[in-house]
Protein chains: 2
Amino acid sequence: LARSKRKRVRRILRTMHPAKIASLLETLTPLQRVAVWQQIDEPHEAKVLAHLSPTMRDELRREGDQDGLDDQDDQGQTSSTKTLADAAGESKPAVQTQLRLVLEALEAGKLKRIARLFRKLHPARIAGLLESLPAAQRVVAWDMVDHERAGKVLRHLHEEVRRRLAAEMDLDDLVESARGLEPDDLVDLIQDLPAKLGREILLALNRRERERVESMLSYDEESAGGLMNLDQIAVRAEISVGTLLRYLRVLDVLPPNTDKFFIVDRKGRYQGILRADRVLTARPETSIADLMETDFEPVSVDQPGEDLARRFEDQDLISVPVIDAGGHLLGRITIDDIVDLIREQGERSMLGLAGLDEETDMFAPVLSSSRRRAVWLGINLLTAFLAAGVIGLFEGTLEQVVALAVLMPIVASMGGIAGSQTLTLVIRGLATGQLVAGNARILMLKEVGIGVLNGLLWAVVVAALSILWFGQWAIGAVIGVAILLNLLCAALAGVVIPLVMRRLGIDPALAGSVVLTTVTDVVGFFAFLGLATLVLL
Amino acid sequence: LARSKRKRVRRILRTMHPAKIASLLETLTPLQRVAVWQQIDEPHEAKVLAHLSPTMRDELRREGDQDGLDDQDDQGQTSSTKTLADAAGESKPAVQTQLRLVLEALEAGKLKRIARLFRKLHPARIAGLLESLPAAQRVVAWDMVDHERAGKVLRHLHEEVRRRLAAEMDLDDLVESARGLEPDDLVDLIQDLPAKLGREILLALNRRERERVESMLSYDEESAGGLMNLDQIAVRAEISVGTLLRYLRVLDVLPPNTDKFFIVDRKGRYQGILRADRVLTARPETSIADLMETDFEPVSVDQPGEDLARRFEDQDLISVPVIDAGGHLLGRITIDDIVDLIREQGERSMLGLAGLDEETDMFAPVLSSSRRRAVWLGINLLTAFLAAGVIGLFEGTLEQVVALAVLMPIVASMGGIAGSQTLTLVIRGLATGQLVAGNARILMLKEVGIGVLNGLLWAVVVAALSILWFGQWAIGAVIGVAILLNLLCAALAGVVIPLVMRRLGIDPALAGSVVLTTVTDVVGFFAFLGLATLVLL
């Protein structure tokens, strides 16, 4: 009881009378006692202490004092080393200090200290800290997050971690914390949870909320529909600025990122936008029709997120209206979700290059990590055996000139590096839409040109070094020619492979480099050993 | 004259009398004539035509009509295939269609068509199109950008392309178009230009502008100071909402991304923020002191951009105030610059992995691209020779068992893949600040665990395949053990190398993978060939 579900213990303790808690504490072993003590809310501490026997009271108070002292220590250190400039924002040292504090507190079992730290931090920061913790400690720390804020923290976690921690929660807590989320974040959360949990959350919503969320669940997570929120402020063009202002005053707090209002007609069809700053600077009697802009292009609900991100970036937008095929205003997309999307895309392309596209949790269990990575290793093994097969063709040659075996990895490796340089450029060009049939040929010519220049340069260098090493002119000549050929071939492959993959509907960022290294390995070994067979034997 | 500097031709033509242009046109060869004709502004066309001889008039008019027809064609196609949903924003197909149009127009020499397209597009889109063009065509298309908009286009170009195109411009044009930029964008531009050009632009500004820009030039491009803009609206806490509104009405148009106003004291020291939507919903007589938030943390001018990006992301911000060490409000940073920063960081880390960190121009001249890439190939060559040296130690063994030469790349390649998976995770952990001394050990244990599991799995698979291939149990045993060892070593190296590099102040994202593959190659070859020497001989 005392270990597994700390949150539950806390909740129970909160409903118990101080005297009862006190007697409970007295029945526990000292270790359990301290653990339970760490779960008691601070305002209750004094009351509980009053009911305890004197020795125990001193013991636990000392426990608490230490905490207090530690805290003061922290603050002392902080304020003394803290200049005004330091205080500005959460610089990285601060993040790492927080992480260290949490790790130390976990080590020492001072859970209260973690709860106190968490209460001072932004949910996104808490999410970051939780992701930095190994799985077991993460669950412990997660229990110290107030459950009113748990939903917001979940929202900021990466998919994989989010799923794990949500599964740790009591269903009631989960539902309750989910209720505090905005619809778009709630949709994200439900999409990441097991279907059963998601359904439970849906059922806990009232009918109107449920219908909204369900309609949003039908869109692809990374399309405009999946990114949109429903908190837009839509008004009719006929009203005046004064009327709008009165309406806004009734709302009191505007949704975040409200830089524009949307104008709709009687049937809810999108007509244009009204920038919020126009409202600030306009006279109350002005009609909205005079201030609105009708040439602001809305976003269609099925537009892919990638294009949206580019538009936000290019046009420096804060929010855009989303419409359906009939032109009805459905919702809006705000820059915060676009920023998350851009960051995720960046991470995914980096992880994808190493075949880790789903590994968002640094501390995922060993077994599931192993399984996922094994796939990539297996694919690589196939290509490695292919290259080995090519070498196998020339066993006879290798037996006679063993120097070839020593030098052959050099040819393959130079080709691989040169090819991946070209590949990276082409993948980026495809991702930004800057590469089409019309300029691909010119890019290929350029890359081949680079291949020739660098091929010649390194052919001479490697040939010279090889002659120095083995004292055989013929080996130098063979390796030089092989490197030139392989660099040329790498340039061609670097351009052609991603273009072909794109046409076949395969993401070149994921599979491109495997195919490329296979090509450069095979060509490298074949050219080098083949030439050697012709020339040396 | 007619070829090299089209912009100049256009300017001259604009100042000439239509009759003079007409007689000029009559003296030119037909090809030149069409080229010059393409430079005449549309409003002038009719006047010039009136002065031409009838045959020539028909000829050029046909030229123009074709253009018009083509245009109608385009529009016909567009509107027929265009649904309301399509029209929403610039989806990728549209981008690629535009690019194709530009390429075709360049091919056909129909420069007017490009100018007309550019006039309809957002500067960021024009920048994207220009970057997609090969160098020679890019200069031609660049000349078709109206010089009033050239500055804005420059702002959206990548550093390398920007520098080249700015160098193409007449100094006057450059200065003139630079003047239309906001201070922070202007600072960016000057930082990327050769020092001489930058100085010329500075001299062309008036004293107040120059002082502002100069003070901003002193900050690091990617620190808060380098990212900040000076267009913030700062007010004193004593005034009322009504006074603020009157002030805003005088300004009429607010700076973009104004989601909050900044409160300063008499000496310009930062006091807090006032959200723009609070102004919308407040009554005019309210004092700003009642609405302001004093707990919003400002950013110090020397804070690194990376931390800022994380804060914007975590807290969904639109703008933050920037202060100096004395707490004075200097400026503000807005989300648009942060989005650019995040995108650039993502691109840089992807390009950096292939040693291309400075290659932002897909169509950079062959020679300069070759030179930059040669560096990376050279570094790789050193490590390849190191690996070859290890193989060289075992020449004797290879001579006797040539199968080893066939299989040895497999061991090295599996280690390289496994290591780069670990490396990628650790680099990401370091970049996000989620990896510190306190949890690195646990991560290492986890990675070693994965290494053991995957090592065992693939050791068995590779051993079995090798035995099938070569029919020798001993070879299977040797390669199995070597793979297990190399995967373990790869896991350790993947964690340790980036941590050590970080401590030495080297960016692991740039150099990590080279060092890692060196380690896995060396260990792989050494373990495999060394074991084979012990067991097989």
- Task: Rounding to the nearest 20 debye, state how big the charge dipole of the protein assembly as shown is about its Cα centre with +1 on each Lys and Arg Cβ and -1 on each Asp and Glu Cβ.
- Result: 300
- Item | Phi to ³J(HN,Hα) by Karplus 6.51 cos²θ - 1.76 cosθ + 1.60 over the range A:502-518, Hz, x for Gly, Pro | 4, 5, 7, x, 9, 6, x, 5, 8, 9, x, 6, 5, 4, 4, 5, 4
- Task: Take the Cα of A:Arg179, step 7 Å along the line toward its Cβ, and report every residue of the range A:141-165 whose backbone nitrogen sits under 16 Å from that point.
- Result: A:147-152
- Query: How much length is gained on full extension from A:Arg236 to A:Arg100, taking 0.36 nm per residue of separation minus their Cα-Cα distance?
  - Reply: 43.6 nm
- Task: Assign unit charges at the C-beta atoms only (+1 for Lys and Arg, -1 for Asp and Glu), then state the dipole size of the range B:161-253 relative to its Cα centre in Debye, rounded to the nearest 20.
- Result: 380
- Item | Amide H contacts under 5 Å for B:Ile233, placed H, 5+ residues apart | B:Phe262
- Query: Lys/Arg Cβ at +1, Asp/Glu Cβ at -1, dipole of the range A:205-351 taken about the Cα centre: which of A:Ser300, A:Val241, A:Asn229 is farthest positive-ward?
  - Reply: A:Val241
- Counting only DSSP beta bridges with both residues in the range A:262-342, what percent are antiparallel, rounded to the nearest 5? 85
- Taking each residue of B:128-140 in turn, how many C-beta atoms of other protein chains fall within 10 Å of its C-beta, and what is the average? 3
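May I ask you to rank B:Val187, A:Val452 by accessible area, largest first, using a 1.4 Å probe over the protein chains only?
The ranking, largest first, comes out as A:Val452, B:Val187.
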- Task: Pop the C-beta distance of A:Arg269 and A:Asp290 into the FRET formula with R0 = 25 Å and round what comes out to the nearest 0.05.
- Result: 0.80
- Note on the structure: Inter-copy distances for A:Thr55, label 7 Å out on the Cα-Cβ vector, sorted ascending, nm, one decimal, are 12.3
- Message: Within the range A:197-246, what whole-number % of the accessible surface is contributed by carbon and sulfur, with the 1.4 Å probe and all protein chains included in the calculation?
- Response: 47
- Query: Quick one: net charge of A:Gly268's neighbours, Cβ under 12 Å, K/R +1, D/E -1?
  - Reply: +2
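If you filter the range B:262-313 for trypsin sites (Lys or Arg not before Pro), then keep DSSP loop positions with at most 10 other Cβ within 10 Å, what is left?
Passing both the DSSP loop test and the Cβ count: B:Arg266, B:Lys267.
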- Say the dipole of the range B:158-220 comes from +1 at the beta carbon of Lys and Arg and -1 at that of Asp and Glu; which of B:Ala167, B:Leu205, B:Gly180 then lies farthest toward its positive end? B:Leu205
- Item | Beta bridges per DSSP with both ends in chain A, % antiparallel, nearest 5 | 75
- Note on the structure: at A:Gly242 the sorted inter-copy label distances (label 7 Å from Cα on Cβ side), in nanometres, are 1.5
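Per-residue mean of other chain beta-carbon atoms within 10 angstrom of the beta-carbon, peptide A:443-456?
If you average over the peptide's residues, the count of other-chain Cβ atoms is 4.
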- Item | chain B - Rg over Rh from alpha carbon coordinates, Kirkwood radius | 1.10
- Note on the structure: Projecting the Cα atoms of A:Thr383, A:Gly396, A:Thr286 onto the charge dipole of the protein assembly as shown, where Lys and Arg contribute +1 and Asp and Glu -1 at Cβ, the residue farthest towards the positive end is A:Thr286
- Query: Amide H neighbours of A:Ser223 under 5 Å, counting only residues 5+ apart in sequence or on other chains, H built in-plane at 1.01 Å?
  - Reply: A:Gly305
- Task: Give me a single rounded figure for B:199-207: the average over its residues of other chain Cβ atoms within 10 Å of their Cβ.
- Result: 0
- Query: Could you work out the helix-only [θ] at 222 nm for chain B, with each DSSP H run of four or more residues adding -39,500 (n - 2.57) and the total divided by the number of residues, to the nearest 500 deg cm²/dmol?
  - Reply: -23000 deg cm²/dmol
- Magnitude of the charge dipole, chain A, Cβ model with Lys/Arg +1 and Asp/Glu -1, debye to 20: 800
- Message: Before we go on, tell me the buried accessible area for the A/B pair, both chains summed, 1.4 Å probe, in Å² to the nearest 100.
- Response: 12500
- Item | Computed E for B:Ala464/A:Ser368 - FRET, C-beta separation, R0 25 angstrom, nearest 0.05 | 0.50
- Rel. contact order, % - alpha carbon contacts under 8 angstrom, at least six apart, chain A: 10
- Compute the distance in nm between two label points, each set 7 Å from the Cα along the Cα-to-Cβ direction, one at A:Arg116 and one at A:Ser218. 5.2
- What are the ³J(HN,Hα) values, in whole Hz, obtained from phi via the Karplus relation 6.51 cos²θ - 1.76 cosθ + 1.60 with θ = phi - 60°, for each residue of the range B:282-288 in sequence order, with x given for Gly and Pro? 8, 7, x, 7, 4, 7, 4
- Query: What is the calculated FRET efficiency for A:Leu537 to A:Arg503, with r their C-beta to C-beta distance and R₀ = 41 Å, to the nearest 0.05?
  - Reply: 0.45
- Note on the structure: Length-normalised contact order of the range B:204-282, Cα under 8 Å, at least 6 apart, in percent, tallies to 23
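The values are calculated or read from the model by the stated rules, or taken from the named source; none is laboratory data. A quick note: this is a predicted structure, and the numbers were derived from the prediction, not measured. Don't worry about glycine lacking a Cβ; one is built from the backbone with ideal geometry, like all the others, and counts go over all protein chains shown. SASA here: full protein model, heavy atoms, side chains in, ligands and nucleic acids out. Shrake-Rupley method; radii C 1.70, N 1.55, O 1.52, S 1.80 Å.
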